[in-house]
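Enquirer: Take a look at this one; I'll ask things after.
The values are calculated or read from the model by the stated rules, or taken from the named source; none is laboratory data. Since this is a predicted model, take the numbers as computed values, not measurements. Every residue, glycine as well, gets a Cβ built from its backbone with ideal geometry; the counts of neighbours run over all protein chains shown.
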Amino acid sequence: MLISNYTGTNSRGETVQLHDYRRQKNLVAILTGAKEYSSLTPLLAELAARYDEFKTEEAEIVLMLRKGTVEPGDGHTLPFPALVMKDDQDAPPPATAVYVADRFGELFATYQLTAEASLPAPDDLLEWLRFIELQCPE
């Protein structure tokens, strides 16, 4: 299964699609809305602190925010791209989800924040990225 091609706008007003990263980098995509954003704060802080480790694994982290959540840069300094999603997405994502995909868009892991399930730790995401590299080392 391939990751959906969510589209968003970065802080410079440029349109960016998740598929823009295809054939370039493995991807950790985090999608969230306003109500759930505060539950992501600890994870985002950890990912920001360990961003160099993700870059070493030839991966990019992309935060996709629904409109009305926060604007990228509104007091939230992140070293990775934060995009405000366009309203006209084909299939709306779950409330909060973390996806791990290879550089071809193939999904390897999906985490959804629910009452029963929590989000992954950065170590879990790094393990998936290392596994992906073992599967397709090119």
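Enquirer: Which members of the stretch 100-131 meet the condition of being within 15 Å of the chain's Cα centre (by Cα) and of a type in the set (Gly, Ala, Ser)?
Expert: Ala101, Gly105, Ala109, Ala121 - these are the residues of the stretch 100-131 that are within 15 Å of the chain's Cα centre (by Cα) and of a type in the set (Gly, Ala, Ser).
Enquirer: Leu125 - would you say it is touching an Asp or Glu at 6+ places or on another chain (Cβ under 6 Å), more than 12 Å from Tyr6 (Cβ to Cβ), modelled with pLDDT of 90 or more and buried (at least 18 other Cβ atoms within 10 Å of the Cβ)?
Expert: Taking the combined requirement at face value, the residue does not satisfy it.
Enquirer: Tell me which strands (runs of 3 or more DSSP E) are completely within the stretch 8-116 and hold 1 or more residues being hydrophobic (A, V, I, L, M, F, W, C), modelled with pLDDT under 90 and more than 20 Å from Arg130 (Cβ to Cβ), or say none if there are none.
Expert: Those strands (runs of 3 or more DSSP E) span 26-32, 59-65, 82-85, 97-101.
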